[in-house]
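Working notes, beginning with the structure itself.
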Amino acid sequence: MTGGSILGRAVTRREDPRLIRGAGAYVGDMTPAGVLHAVFARSDLPHGRVRSVEVEAARSADGVVAVLTAHELDLAPLQIWGAPPECARPPLAATVRYVGDPYAVVIAESERIAADAAGLIYAEIDELPATVDPIAAMAADAPILFEDLGSNIALEERSGFDGDALAGSEVVVEHRLVNQRLAPVPLEGSGCLATVDADGRLTVWLSTQDVFNTRTSLAAMLRIDSDQLRIIAPDVGGGFGAKGDLLVEHAVVAESARRLGRPVRWVERRTENFINMVHGRAQVQRIRLGATQEGRLRGFQLDVVADLGAYPGVATWLPRYTLEMACGCYDIPRAAASFRSVVTNTTPTGPYRGAGRPEAIQAIERAMDLLALELGMDPVELRRLNLQPPFTDPVTTAIGTEYDSGDYGSALDLALDRSSHRAWIAERDARRAHGDRLQLGVGVGCYVEVTVGKTPLHELGSVEVARDGTIVARAGGANHGQGHATAFAQIVADRFEIPLDRVTVVQGDTDQVPRGGGTYASRTVQLAGSSLFVASNAVVDRARELAADLLEAAVADITVVPGVGLGVAGAPHTAIAWGDLAQAATEKDSSPLAAEVEHPQGAATYPFGTHVAVVEVDTETGWVRLVEHTAVDDCGTVINPMLVKGQQHGGVAQGAGQALFEHARFGSEGQPLTTNLISYFVPAATDLPNLRTISHVTPTPHNPLGAKGVGEAGTLGSTPAIHSAVIDALRPFGVRHLDLPLRPERVWRAIHNRPDESERP
């Protein structure tokens, strides 16, 4: 490129023009010839043994091709890594464990016919007692979901200080917090399309974040070798972690295609999505924070009960992240943490944007606010007093987590400065003095999180120069809105100094990319991007040797000629085009001009930041309006500021949703109460102010790009900041804490000292 490096430039997303013109290709758009449609019959009871399923009326309906139940499917159960084997999930239920558990499937010529026929299926189910509250589920007399497990506790662990972490504290605050259940609500629900080749090989298009692990799981359920499966992720309309794993519905659809020899498609409907797609968060926490009278932290204790819903999956061990990040940004001498992961008769839970880390930050940030109230200190000054000092060498927290690099104090100062914090405090105090109806609150949330985490610390990146001079970059993972095609193309194009449109990025196809680890945990740019960076360097180095031989020059004299190829330094007319170099490589040793790399990252990375929220609370109605939000997020080296800003905006919107609106609720008997976008309220653009987003750059030493993750940053900083701001606005009314979400009724009841209707987490 003649304009210098394009790394760090706000390059417009390459993916968008096609999508906004309606030229996207989602699973729901795919209608191959002869396609059949699957609709699942789902339980309307939260717990019961299926005695019989009457399907004859459905089977005899016009246009119905097949009806399958648990007794007719010879598939292995779905076993998710880290979950107890006693809780492996059958493809169709013989014992239903939540409202929405599928026990039969109809395959028909159209989706309407299949839906009508599914309504004709009658299941005789012996109802069993249900357990909905995760605390109650741990009781000795609670109904047991999995008899072989012996209790409803699927996993329990503890870490950190082995003793009383609060010993020696002069002041201790203690509280019970609820991180409520959230529904991911991607624009596109789950879906899959399965076709079978003449040789019996299956091709499955999945709305997924991870084509490789889903292939492994699907092959295990179908009892076939992975090479008999091709998994393709077409355009994916959002995932937020919820599309990271295989669903039993995917296996049923694939088996149906294999049995019938015709394509079979399933596309989740919106209500089906609310009751069936994994929910997120769902933790009940007990926090205890100790300090001196001057505000110096002495110790922290965090105990977590995580609600897994009906089938333990990845959520079983996600609280490990909560424990790992329990200390947040603070220098705490002693800390101890524990968790118990518990099954209940509700929709299963799983990863949701942040996956265990927002819960940790919510716990420590609420504890800091409660401590500030107890001590009569400014919450900002309490934070400043206890932040870890700046560091470039790794620092180990009291819980045992090793942070890579950080400057938390400067992120706090920058956020306060850019948000006009002092001016807002003055306005808040003036309104309080005048007893205004619209009270202001100002809140701060400091965070640090782990990205990549315990996932494989490497990812595939391959680069190949084609004979036409274009470059094909292949990477593991599957894009579902992040902008991978833009970021990866920037990394490769920058090294070859060619226009961005000469780089083709290939992802999300197990036949086109040999292996990979998926897209989750904010891992993709730092792992796959680093591998593409290293692979690009390897290809350029080999090309320099070829060019030196062809031009009869020293390798040290060969340099990149922008937009062309390689030539002798100071003599651009000698340039050999990239396509010609690819041809020369093939002729010399019959191998393409290419490199395939899985660059190992030494350790996880720890992005951090500070958010400042300003809210307005209507004291007559309880309505909360987010007036201003400032986000300072450090994700190390920024490859594309526009992509980073997009991730910040999206994360803040979802964090604000948790703070103010969202809660996936169940009745006392396990019936879902939030099954559509009327009963489950997500923030609209009109609920958000213009967001002020700033990048704070502290490169990580753990990868050659210096990049950390940013996909989850907004959810970590925004929720505690907004929560803090609302409680700040309610201080004149004696309110010290409210659980989320801060809906108008809950806020109004707190203002008027009316008891809140207790809600299950």
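The values are calculated or read from the model by the stated rules, or taken from the named source; none is laboratory data. Computed from a predicted structure; not experimentally measured. Cβ sites come from the backbone with ideal geometry, for glycine too, and all protein chains shown count toward neighbours. The protein model used for the area step is the full one, side chains on, heavy atoms only, and it has no ligands, DNA or RNA in it. Shrake-Rupley method; radii C 1.70, N 1.55, O 1.52, S 1.80 Å.
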- Message: Tally up the residues in the stretch 257-315 that are over 19 Å from ALA165 (Cβ atoms) and among the β-branched types (Val, Ile, Thr), please.
- Response: 7
- Message: I'd like the full set of residues that are farther than 30 Å from SER522 by Cβ and either in contact with a Cys (Cβ under 9 Å, 6 or more places away or on another chain) or open to solvent by less than 20 Å² (accessible area, probe 1.4 Å) (or both), limited to the stretch 466-481.
- Response: GLY469
- Message: The conditions are (1) among the polar types (S, T, N, Q); (2) open to solvent by 30 Å² or more (accessible area, probe 1.4 Å); (3) modelled with pLDDT of 95 or more, and GLN658 fails exactly one of them. Which is it?
- Response: (2)
- Task: Search the stretch 291-336 for residues being among the charged types (D, E, K, R) and farther than 15 Å from VAL450 by Cα, and hand back the single one that is least open to solvent (accessible area, probe 1.4 Å).
- Result: ASP307
- Query: Just to be sure, is THR510 open to solvent by less than 60 Å² (accessible area, probe 1.4 Å) and free of Cβ contacts under 8 Å to residues at least 24 places away in the same chain?
  - Reply: no
- Scope the stretch 11-34; condition part of a loop (DSSP other than H, G, I, E, B) and open to solvent by less than 60 Å² (accessible area, probe 1.4 Å); matching residues: VAL11, ARG13, GLU15, ALA23, GLY24, ALA25, MET30, PRO32, GLY34
- Query: If we keep just the residues of the stretch 545-604 that are charged (D, E, K, R) and assigned to a loop (DSSP other than H, G, I, E, B), which is least open to solvent (accessible area, probe 1.4 Å)?
  - Reply: GLU598
- When the stretch 34-57 is examined, which residues are found to be more than 19 Å from ARG269 (Cα to Cα) and either within 28 Å of the chain's Cα centre (by Cα) or free of Cβ contacts under 8 Å to residues at least 40 places away in the same chain (or both)? PRO46, GLU56
- Task: Restricting attention to the stretch 650-678, report how many residues are hydrophobic (A, V, I, L, M, F, W, C) and assigned to a strand (DSSP E or B).
- Result: 1
- Task: Test each condition in (1) more than 28 Å from ALA363 (Cα to Cα); (2) out of contact with any Cys (no Cβ under 8 Å at 6 or more places or on another chain); (3) surrounded by fewer than 20 Cβ atoms within 10 Å (Cβ to Cβ); (4) aliphatic (A, V, I, L, M) for LEU149 and report the one that comes out false.
- Result: (2)
- Qualifying position, being open to solvent by 10 Å² or more (accessible area, probe 1.4 Å) and touching a residue at least 12 places away in the same chain (Cβ under 8 Å), among VAL726, VAL710, VAL747: VAL710
- Since HIS250 meets every condition but one in (1) farther than 18 Å from LEU78 by Cβ; (2) under 21 Å from the mean Cα position of the chain (by Cα); (3) assigned to a helix (DSSP H, G or I), which condition does it not meet? (1)
- Taking the stretch 263-280 and the residues there that are open to solvent by 20 Å² or more (accessible area, probe 1.4 Å) and in a strand (DSSP E or B), the one that is farthest from ALA315 (Cα to Cα) would be ARG265
- Item | Test: residue in the stretch 372-389 that is open to solvent by 10 Å² or more (accessible area, probe 1.4 Å), modelled with pLDDT of 95 or more and of a type in the set (S, T, N, Q) | yes
- So LEU193, is it open to solvent by less than 30 Å² (accessible area, probe 1.4 Å), closer than 25 Å to GLU249 by Cβ and part of a strand (DSSP E or B): yes
- Query: Taking only pairs six or more apart or across chains, which ones have beta-carbon atoms under 8 Å, a first residue in the stretch 9-20 that is among the hydrophobic types (A, V, I, L, M, F, W, C), and a second residue that is open to solvent by less than 60 Å² (accessible area, probe 1.4 Å)?
  - Reply: ALA10/ASN640; ALA10/PRO641; VAL11/THR486; VAL11/GLN490; VAL11/LEU500; VAL11/ASN640; LEU19/ASP235
- Item | Boolean, GLY299 is at pLDDT below 95 and either assigned to a helix (DSSP H, G or I) or not charged (D, E, K, R) (or both) | no
- Item | Residue list for the stretch 424-436, filter: in contact with a strand residue (DSSP E or B) (Cβ under 8 Å, 6 or more places away or on another chain) and open to solvent by 60 Å² or more (accessible area, probe 1.4 Å) | GLU427, ARG432
- Message: I'd like the full set of residues that are touching a Pro at 6+ places or on another chain (Cβ under 9 Å) and of a type in the set (Gly, Ala, Ser), limited to the stretch 223-266.
- Response: GLY237, GLY238, GLY239, GLY241, ALA242, GLY244, ALA251, ALA257
- Task: Could you list, in sequence order, all residues of the stretch 395-413 that are in contact (Cβ under 8 Å) with a residue 24 or more places away in the chain and open to solvent by 50 Å² or more (accessible area, probe 1.4 Å)?
- Result: GLY400, GLU402
- Task: Of the conditions (1) open to solvent by 60 Å² or more (accessible area, probe 1.4 Å); (2) farther than 30 Å from ASP728 by Cβ, SER531 clears all except one; give me its number.
- Result: (1)
- Filter result for THR700 (in contact with a Lys or Arg (Cβ under 6 Å, 6 or more places away or on another chain), assigned to a loop (DSSP other than H, G, I, E, B), more than 16 Å from PHE661 (Cβ to Cβ) and not hydrophobic (A, V, I, L, M, F, W, C)): yes
- Residues in the stretch 334-347: is at least one outside any strand (DSSP E or B) and not polar (S, T, N, Q)? no
- With the condition kept exactly as written, say whether any residue in the stretch 312-319 is outside any loop (DSSP other than H, G, I, E, B), more than 24 Å from the chain's Cα centre (by Cα) and either at pLDDT below 95 or within 23 Å of ALA659 (Cα to Cα) (or both). no
- Item | Elements of type strands (runs of 3 or more DSSP E) in the stretch 461-525, at least 1 residues being touching an Asp or Glu at 6+ places or on another chain (Cβ under 6 Å) and more than 19 Å from LEU7 (Cβ to Cβ) | 461-465, 471-475
- Number of positions in the stretch 437-463 that are at pLDDT 95 or above and open to solvent by 60 Å² or more (accessible area, probe 1.4 Å): 2
- When the stretch 627-655 is checked residue by residue, the ones that are in contact with a Pro (Cβ under 7 Å, 6 or more places away or on another chain), open to solvent by 10 Å² or more (accessible area, probe 1.4 Å) and of a type outside the set (Val, Ile, Thr) are GLU628, ALA653
- Go through the stretch 35-63 and count every residue that is farther than 18 Å from ALA123 by Cβ, surrounded by 12 or more Cβ atoms within 10 Å (Cβ to Cβ) and not hydrophobic (A, V, I, L, M, F, W, C). 2
- Task: Name every residue in the stretch 393-424 that is among the polar types (S, T, N, Q) and within 26 Å of PHE300 (Cα to Cα), in order of residue number.
- Result: THR396, THR397, THR401, SER405, SER410
